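Below you'll find the structure, written out as structure tokens, and then a few comments.
The values are calculated or read from the model by the stated rules, or taken from the named source; none is laboratory data. All of these numbers come straight from a predicted model, not from anything done at the bench. Every residue, glycine as well, gets a Cβ built from its backbone with ideal geometry; the counts of neighbours run over all protein chains shown.
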Amino acid sequence: MKLPILTIIMTTIFTGTMLTMISSHWLLIWIGLEINMLSIIPILTKNQKPRSTEAATKYFLTQATASMLLMFTIVFNAMHSGQWTTTNIDPNNMIVSLTMIIALTMKLGMTPFHFWVPEVTQGVSLMTGMLLLTWQKLAPISIMMQMFTSINPIILLLIALMSVLVGGWGGLNQTQLRKILAYSSIAHMGWMMAILTFCPSLTMLNLLIYLMLTIIMFTMLNMNTNMTTLTLSNLWNKSPTITMMILISLLSLGGLPPLTGFLPKWIIIQELTKNNNIAMATVMAIMALLNLYFYMRLIYSTSLTLFPTPNNIKMKWQFQPKKRSLFLSPLIILSTLTLPLSPVLSTLN
Amino acid sequence: MVYAIFLLSIILVLSFMSFSSKPSPIYGGVGLIISGAVGCSIIMGFGVSFMGLMVFLIYLGGMLVVFGYTTAMATEEYPETWGSSIVIWGALLSGILMELLLMVWLLEHDGMEVAVGFNKLESWIMFMDKGFSIIREDSLGVSALYNYVNWFMVAAGWALFVSVLIVIEVIRGK
């Protein structure tokens, strides 16, 4: 794509999300979401294959349906309450709270509207998939954090629980790395939304740590263009440092202490038990093991064992790396080693 | 003519159904014309004449004309009509059946409260009012776009420009 057009489209993607995040009037929020959705379509079709076109079509249809539902809810809310602010939705109005949740979870890719996430992520390139799974989550989550007092908690907890289940079980049969990261995104969205009605700061914490981990995973996979588990198993020869970093990043994504990924799961379970929600916390913690299982399978084939390869020599002619990897070292350190900083959370509001 | 808006709403729903059942685009264009015109009439019945004029001029007279010409250039030999799909017939029959059930329910009971109250037709009846209103909300809204929220006009213009750019970029190909 030509550079001026790419610049305009990237600026518009940024503008759309920013417009949604700074608005308090429902119409502007919807406009920001629409601008964002429309300008990411050419990014999805950038590499001109039929699969990318199919992925862009699926993405567009799902997100357009969600925007339409959101517009319906906005107009219904304006008709019944007479005002357009985000924070004053009446929680007793069942239609508004239900369809709002449906529209926003459809935008995020949570169960039962998760079917587009693996297929769209698989149909586009690695960096575009990263943009899809990280930047596109910011706008709907910012809306949900503004209106969290009017959400029906039962429905949101049900959706979050189903997302964790589907994210765990769906990723078990995958060898394509983009689909594995898509199912991990579904499960993490479930964890984030489970705690929204109790303590939205933890949603923000989980989102930040999930963003760092996803960005670092996609960047490391992009350095050698690893799309499948099989190509990952040849990585020990090419760049052993990336092999190690993939190990600790995947363990952090799975939520193992003493890595950073354990922090949001720990505090979310603590907040759920403080609100007498022990069964939910138990089931979510058990289902996170499924996530950990397929990350462990990736680590098994990458770092812990040597698969039979045509090349068993440890020496390899190393070339200059051609792909830029911005912020690789700081992001790895931030996403794996900051668990000892957890007492700083008590100073936050 | 008291039930004007009620009747126009029925025609609106039918014409929406006629193009969302995905016949060939020529027939869908007919449905769009009818639904656009009827929608304009409904909102003009409520007094919003400027919006109706805008939809007639720009939507029907600009965009739909261009759509009609491009569809006439790109049409196929045996287009899919309304009667050729079982979906239309099934939707028509089930719609008629549900309408009959609704009328039977309304005759038996006092009203219906599913999501919105449907007791009487009072919000669909147009009473002829003899006065005139000085404050025209629709045209005042457009002028407020230039006056109070002129940065929003910039954002709207940018969105229109970017949407054309995106359409051209997507259909560019190799």
Out of A:LEU138, A:LEU177, A:LEU207, A:LEU213, sole residue that is of a type in the set (A, V, I, L, M, F, W, C), surrounded by 22 or more Cβ atoms within 10 Å (Cβ to Cβ) and within 26 Å of A:THR11 (Cα to Cα): A:LEU213
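This table checks each residue for (1) over 20 Å from the mean Cα position of the chain (by Cα); (2) assigned to a helix (DSSP H, G or I).
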site	(1), (2)
A:THR241	yes, yes
A:LEU247	no, yes
A:LEU256	no, no
A:SER301	yes, yes
A:ILE313	yes, no
A:PHE319	yes, no
How about region B:148-174: which of its residues are more than 7 Å from every other protein chain (Cβ to nearest Cβ), within 14 Å of A:ILE8 (Cα to Cα) and of a type in the set (Val, Ile, Thr)? B:VAL164, B:VAL167, B:ILE168
Condition (residue is in contact with a strand residue (DSSP E or B) (Cβ under 7 Å, 6 or more places away or on another chain) and in a helix (DSSP H, G or I)) applied to region A:158-177: is it met by at least one residue? yes
Any residue in region A:115-136 that's without any contact (Cβ under 8 Å) to a residue 60 or more places away in the chain: show its pairings with residues that are surrounded by fewer than 19 Cβ atoms within 10 Å (Cβ to Cβ) at Cβ separation under 8 Å, as long as the two are six or more apart or on different chains. A:TRP116/A:LYS58
Checking the conditions here, which among A:THR7, A:THR65 is polar (S, T, N, Q), more than 11 Å from chain B (Cβ to nearest Cβ) and closer than 18 Å to A:ILE102 by Cα? A:THR65
Can A:SER329 be described as out of contact with any helix residue (DSSP H, G or I) (no Cβ under 8 Å at 6 or more places or on another chain) and part of a helix (DSSP H, G or I)? yes
The listed residue being surrounded by fewer than 22 Cβ atoms within 10 Å (Cβ to Cβ) and within 17 Å of the chain's Cα centre (by Cα), out of A:LEU172, A:LEU132, A:LEU161: A:LEU161
Please determine whether any residue of region B:93-100 is more than 30 Å from A:MET1 (Cβ to Cβ), within 14 Å of chain A (Cβ to nearest Cβ) and modelled with pLDDT of 70 or more. no
If a residue has to be more than 10 Å from chain B (Cβ to nearest Cβ) and either charged (D, E, K, R) or buried (at least 18 other Cβ atoms within 10 Å of the Cβ) (or both) to count, how many in region A:14-53 make the cut? 12
In the list A:LEU272, A:LEU306, A:LEU290, which residue meets the criterion of being at pLDDT below 90 and either surrounded by fewer than 18 Cβ atoms within 10 Å (Cβ to Cβ) or assigned to a helix (DSSP H, G or I) (or both)? A:LEU306
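Which residues, taken from region A:13-64, are under 18 Å from A:GLY129 (Cα atoms), β-branched (Val, Ile, Thr) and either assigned to a helix (DSSP H, G or I) or touching a Leu at 6+ places or on another chain (Cβ under 7 Å) (or both)?
Residues satisfying the conditions are A:ILE13, A:THR17, A:ILE40, A:ILE41, A:ILE43, A:THR53, A:THR57, A:THR62.
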Please enumerate the residues belonging to region A:79-122 that are within 14 Å of another protein chain (Cβ to nearest Cβ), part of a helix (DSSP H, G or I) and either surrounded by fewer than 19 Cβ atoms within 10 Å (Cβ to Cβ) or not hydrophobic (A, V, I, L, M, F, W, C) (or both). A:MET79, A:HIS80, A:MET94, A:ILE95, A:SER97, A:LEU98, A:THR99
Odd one out for A:LEU339, checked against (1) under 27 Å from A:GLN176 (Cβ atoms); (2) among the aliphatic types (A, V, I, L, M); (3) under 21 Å from the mean Cα position of the chain (by Cα); (4) surrounded by 14 or more Cβ atoms within 10 Å (Cβ to Cβ): (1)
Condition first: touching a Ser or Thr at 6+ places or on another chain (Cβ under 7 Å) and without any contact (Cβ under 8 Å) to a residue 60 or more places away in the chain. Now tell me which residues in region A:137-177 satisfy that. A:MET145, A:PHE148, A:PRO153, A:LEU156, A:ILE159, A:MET162, A:SER163, A:VAL166, A:THR175, A:GLN176
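Applying the selection to region A:15-46, what residues are among the aliphatic types (A, V, I, L, M) and within 17 Å of A:GLN146 (Cβ to Cβ)?
Within region A:15-46, A:MET18, A:LEU19, A:MET21, A:ILE22, A:LEU27, A:LEU28, A:ILE29, A:ILE31, A:LEU33 qualify.
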For region A:43-66, what are the residues that are of a type in the set (Ser, Thr, Tyr) and more than 19 Å from the chain's Cα centre (by Cα)? A:THR45, A:SER52, A:THR53, A:THR57, A:THR65
